[in-house]
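Trainee: Would you mind keeping the following structure in view while I ask a few things?
Bear in mind these aren't lab numbers, they're just calculated from the coordinates by the rules spelled out. What you see is a predicted model, and the numbers here were worked out from it, not measured in a lab. Cβ coordinates were reconstructed from backbone atoms using ideal geometry, including for glycine residues, and neighbour counts include every protein chain displayed.
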Amino acid sequence: MPKSSKKTHAERLNWTIQQLPLQGARTLVPSLIKRYGVSRRQAYRYVSEAQVCQSPVPVPQSKRVFTVKLPDDLISAIRRHARARETSLSDLVAEALRIFLDHGDRGGKKAR
């Protein structure tokens, strides 16, 4: 069975957190198996994780591929920086673009 996405994991974990006080851990495992088609082992993992969570976890936004052409040296620098920060290229570039959009370009104009 393929690994679930971060979004799917967060949604399932939040459902488990919500149901835990209503069903209890013992009845929640079969509910997870039936609702999501996960293995017994994975259902136990969701329950264990939900038991230590204080509140629902944020659900990441869906992502799509967005292709751009960049110079080779810039790509190399981005990859090195992502490895050094132990993050993905996508997360690093998204963060950089958010900062740019929040602070505008070097000419002093705020980006829209």
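Trainee: 7 Å from Cα along Cα→Cβ at both residue 22 and residue 45: what's the point-to-point distance in nm?
Mentor: My value for the distance between the label points is 2.5 nm.
Trainee: Run a plain Debye calculation on the chain (Cα atoms as equal point scatterers, no solvent) and give log10 I(q)/I(0) at q = 0.09, 0.18, 0.19 Å⁻¹, rounded to two decimals, same order as the q list.
Mentor: Evaluating at q = 0.09, 0.18, 0.19 Å⁻¹ gives log10 I(q)/I(0) of -0.42, -0.93, -0.98.
Trainee: Quick one: how many lysine pairs in the chain have C-alpha atoms under 21 angstrom apart, if they're 8 or more apart or on different chains? Please list the in-between numbers first.
Mentor: Details: 3/34; 3/63; 6/34; 6/63; 7/34; 7/63.
Total qualifying Lys-Lys pairs in the chain comes to 6.
Trainee: Output wanted: per-residue J couplings in Hz (rounded whole) for the range 79-94, from phi through Karplus 6.51 cos²θ - 1.76 cosθ + 1.60, θ = phi - 60°, x for Gly and Pro.
Mentor: 4, 4, 5, 4, 4, 4, 8, 6, 9, 7, 4, 4, 5, 5, 5, 4
Trainee: In sequence order, what are the phi-derived ³J(HN,Hα) couplings for the range 37-51 according to the Karplus relation 6.51 cos²θ - 1.76 cosθ + 1.60 with θ = phi - 60°, rounded to whole Hz, with x for glycine and proline?
Mentor: Per-residue couplings from phi come out as x, 8, 6, 4, 4, 5, 4, 4, 5, 4, 5, 4, 5, 5, 5 Hz.
Trainee: Still on this model: What list of ³J(HN,Hα) couplings, whole Hz, do you get for the range 10-23 from phi and the Karplus terms 6.51, -1.76, 1.60, once you set θ to phi - 60° and write x for glycine and proline?
Mentor: Using θ = phi - 60°, the values come out as 4, 5, 5, 5, 5, 5, 5, 4, 5, 7, 3, x, 7, 9 Hz.
Trainee: Using modelled backbone amide H atoms (1.01 Å from N, in-plane), which distant-in-sequence or interchain residues come within less than 5 Å of residue 57's amide H?
Mentor: When sequence neighbours closer than 5 places are left aside, the close amide H contacts are 14.
Trainee: So, one more: To the nearest 0.05, how large is the calculated FRET efficiency for residue 81 and residue 7 if R₀ is 22 Å and r is the Cβ-Cβ distance? Please report the intermediate quantities before stating the final value.
Mentor: Values: r = 25 Å, r/R0 = 1.15.
Using R0 = 22 Å, I get an efficiency of 0.30.
Trainee: Related question: Any idea what the alpha-carbon Rg over 2.2 N^0.38 Å comes to for the range 6-52?
Mentor: 0.97
Trainee: Continuing with the same structure: Once the piece of chain linking residue 89 and residue 103 is laid out straight, how much longer is it, given 0.36 nm per residue of separation minus the C-alpha distance between them? Let's see the in-between values first.
Mentor: Working: separation 14, 0.36 × 14 = 5.04 nm, distance 2.12 nm.
Taking 0.36 nm per residue and subtracting the Cα distance, the gain is 2.9 nm.
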